[in-house]
Amino acid sequence: MKKQNEFEETIRQVMQTMAEVANSHERTSAILETLAERQVNTEEVLSSLAARQINTEEALNRLAQKQAITEENLNVLLLTVERHIAGHG
């Protein structure tokens, strides 16, 4: 009878442990699902940031080109003004 009681207690403990493991597995699965969703969101954000960075670089390149043209025009204007002053001086 003692062996039967020990066996039943062991079975009860095993069943309790299995229930705890199942509960832990469910919580872990839920956490992993949340992490997967956040990873997808992070990838979307990074993709958007990469596209915006490309747009920013293109805008900066256009701005640099326009700045170079402005500097050239300013130099031409300065030379013209200097010639005008020298001619009337």
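Read-outs: derived from the displayed coordinates by stated rules, not from any lab. Since we're looking at a predicted model, the values are computed, not measured. Cβ sites come from the backbone with ideal geometry, for glycine too, and all protein chains shown count toward neighbours.
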Cα axis of helix 2-88 to longest principal axis of the chain: angle in degrees, 0 to 90, nearest 10?
0
With charges only on Cβ, +1 for K and R and -1 for D and E, what is the dipole size of the chain about its Cα centre, in debye, rounded to 20?
120
Alpha-carbon Rg with Dmax, taken over region 1-76, Å
32.4, 111
What does the helix-only formula give at 222 nm for the chain: each DSSP H stretch with n ≥ 4 adding -39500 (n - 2.57), the total divided by the residues, and the result rounded to the nearest 500 deg cm²/dmol?
-37500 deg cm²/dmol
